[in-house]
Amino acid sequence: MTGSPADEPARSPEVIATVRAMRGRVQAAQRAGRRVGVVPTMGALHDGHLSLVAASRAACDVTAATVFVNPTQFGPKEDFSRYPRTMEADLAKLAAAGVDYVFAPEVAEIYPDGATTMVELGGVAEPLEGQFRPGHFRGVATVVLKLFQAVPADAAYFGQKDYQQSLVVRHMVADLLLPIEIVVCPIVRESDGLAMSSRNIYLSADERQRALSICRALEAAQVLVAGGERNAERIAAQMQTTLRDSGVESIDYAAVVDADTLAPIQRIESCAVALVAARVGATRLIDNAILDIRSAR
Ligand code: AMP
């Protein structure tokens, strides 16, 4: 394992901007028998991202993080141009976390002039975010595939925070026979329960307070399930009520669906997932909780 003991100052990671150089570093490490992990991010890093770095460092000899705000996953009316870009602070956090390489390409390196090829998806990409953010997962899958080409790691670390995204990536990896292990890590929350997100900085103090109803709605769902409730519609209705009671009116969805397929269900028979997407002020937030009655039995 690489990585320095806690009393040594963090070594700055090497920052790499080209696919060629990045691929070379990964391949050299692998030829030397080292296991490489990659953590794809869009920057504006918080402890959620750093938990993925920690998971990679625990299981791999070399860890690369990617910092790339991917234009193709933003809709025309979304926040691509104002998405927070905090590279200096991100590099300091990645250095402290013990990352070995940071892949931070320009857009033209990932989308060369004339590039038109995109990943076409179906199945788990279609409902929920697929309905409310058309084209979003097409952009996500395409950039993840490209990042896996640039950083041909042995394992890639994603967060459960983007639950549907993690399923889309898992399916793409299986369907396209990609030689990489996908690891999904738990959601990291603020002390009051709000799921950490780069977009939380958009929230005013009042909005930040109202945003808490999203994790409260998910907690309410978990409490109902722990109390024996199995009816998906009744659980979803309670989630909607919790959100509305705190003044979150603009709800894209508050749903209880099959945890593997995201298909609608009437009753929870084994493992479901509760997912919420809602706008608080102008900021769209997502969160989720797994409802696994196999562990509750
Ligand atoms: P992003 O920079 O938002 O594209 O996120 C990069 C990765 O970090 C994705 O795999 C996210 O699911 C993951 N992530 C974001 N927020 C959290 C969080 N609060 N806890 C754990 N993982 C997270």
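Note on the chain: with charges restricted to the Cβ of Lys and Arg (+1) and Asp and Glu (-1), its dipole about the Cα centre is near 200 debye. Across all Cα pairs in segment 199-296, the calculated P(r) in 5 Å bins from zero up to the longest distance comes to 2, 15, 27, 23, 15, 10, 6, 2 percent per bin. Take every DSSP beta bridge whose two residues both sit in the chain; close to 50 percent of them are antiparallel. Residue by residue, segment 28-33 carries 3J(HN,Hα) couplings of 5, 4, 5, 4, 7, x Hz when phi is fed to the Karplus relation 6.51 cos²θ - 1.76 cosθ + 1.60 (θ = phi - 60°); x denotes Gly or Pro. Relative to the longest principal axis of the C-alpha atoms of the chain, give the angle of the C-alpha long axis of helix 136-150, reported between 0 and 90° and rounded to the nearest 10°. Its long axis makes an angle of about 30 degrees. In the context of the full set of protein chains, residues of the chain present 48 Å² of accessible surface per residue (probe radius 1.4 Å, heavy atoms only).
Seen from every direction in turn and averaged, the convex hull around the alpha carbons of the chain projects onto 16.3 nm².
Protection proxy ranking, highest mean first, for peptides 93-102, 261-270: 93-102, 261-270, where packing is the per-residue count of other beta-carbon atoms within 10 Å, averaged. Only aspartates and glutamates eight or more places from Lys146 in sequence, or on another chain, were considered; those with a Cα closer than 17 Å are Glu106, Glu109, Asp113, Glu120, Asp154, Asp175, Glu181.
Taking amide H positions as modeled 1.01 Å from N, with prolines and chain starts lacking one, the residues under 5 Å from Asp287 and 5 or more places away or on another chain are Val276. Just the protein heavy atoms count here, and of the accessible area of the chain at 1.4 Å, carbon and sulfur take up 50 percent.
The values are calculated or read from the model by the stated rules, or taken from the named source; none is laboratory data. Because the structure is a prediction, the values reported are computed rather than measured. Here Cβ is always computed from backbone atoms with ideal geometry, including for glycine, and neighbour counts include all displayed protein chains. Protein only, heavy atoms only, side chains kept; ligands, DNA and RNA dropped before computing areas. Shrake-Rupley method; radii C 1.70, N 1.55, O 1.52, S 1.80 Å.
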